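The values are calculated or read from the model by the stated rules, or taken from the named source; none is laboratory data. On a predicted model such as this, the values are computed, not experimentally measured, just so you know. FYI the Cβ positions are ideal-geometry reconstructions off the backbone, even for glycines, and counts take in every protein chain you see.
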Amino acid sequence: MEEGFQWIWTMDDDVIPQRKALETQLQFSDVSLCIHPTRLNEDGTPYPEHLHLSDAQLNSAYFELNVCCFEGCLIHREILEKAGLPDERFFIVMDDKEYGLRVSQFTNIIYVRNARFVKQIPLKKSSGRFWQKVTLPTWKMYFQARNLFLLSSRRYRSFTPFRITYQLCRMVVAAAVRGPQRHKALRNIMLGIWDGIRGKFGEATWNLQ
């Protein structure tokens, strides 16, 4: 903050910005103070997180969500001053979701269609969100369950008990169809729920498998 910058462009090692992505995002600086690119698979299809959107949304110049993603998100310093920095205690999972809910209290969060990032770990369109959970490493399911409960304690308006229960049920079903790994996955989910109820942040102290 002391360097006098106006914007931070977040990045991850499994996405590649396409030509003029940053320039295109900055064109919408009068619309939002938290501007995202659209993430695509290598074949040009939308990444599964956008599959629930309508064609009208995907074909517009930009669309609004209350979810943040640290893969190409462009954040203005005004937002950092008001919302603060991301909470590193969430560790790996849902830190960007929590930050998006926090940021959305100060600005509309937009995703710009023609600012494109390509995922280097592509998922087929047919896989959808549910099958992402099925293929999630079993150790990561602990953090999914735990951070879901930790996020619920923040009492964001859009994060209702129904939504928490629904997402937890999806996790349990995803774990149950994992074949030989189902016991590890279910164990890690239960440990995550327990630590989430206890309000435990940071790295896991359990021996996750």
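Structural remarks
- Every pair of residues 6+ apart whose Cβ atoms lie under 8 Å, when the first sits in segment 96-115 and is closer than 14 Å to LEU148 by Cα and assigned by TED's automatic domain parsing to the domain that holds LEU53 while the second is surrounded by 20 or more Cβ atoms within 10 Å (Cβ to Cβ) and aromatic (Phe, Trp, Tyr): GLU98/PHE90
- Exactly one residue out of GLN57, GLN18, GLN25 is touching a Leu at 6+ places or on another chain (Cβ under 9 Å) and more than 21 Å from ASP96 (Cα to Cα), and it is GLN18.
- Residues of segment 19-54 classified as exposed (fewer than 15 other Cβ atoms within 10 Å of the Cβ), in a loop (DSSP other than H, G, I, E, B), modelled with pLDDT of 85 or more and on the phi < 0 side of the Ramachandran plot, total: 4
- Residue within segment 105-112 that is aliphatic (A, V, I, L, M), assigned to a strand (DSSP E or B) and within 30 Å of TRP139 (Cα to Cα) present: no
- Here ALA176 clears all of (1) surrounded by fewer than 18 Cβ atoms within 10 Å (Cβ to Cβ); (2) closer than 22 Å to ASP95 by Cα except the condition numbered (2).
- Boolean, GLU78 is touching a helix residue (DSSP H, G or I) at 6+ places or on another chain (Cβ under 6 Å), charged (D, E, K, R) and assigned to a helix (DSSP H, G or I): no
- Exactly one residue among ARG157, ARG116 is modelled with pLDDT of 90 or more, outside any helix (DSSP H, G or I), more than 16 Å from the chain's Cα centre (by Cα) and charged (D, E, K, R), and that residue is ARG116.
- Of the residues making up segment 1-18, those that are closer than 20 Å to GLU78 by Cα and in a loop (DSSP other than H, G, I, E, B) are MET1, GLU2, GLU3, GLY4, PHE5, GLN6, THR10, MET11.
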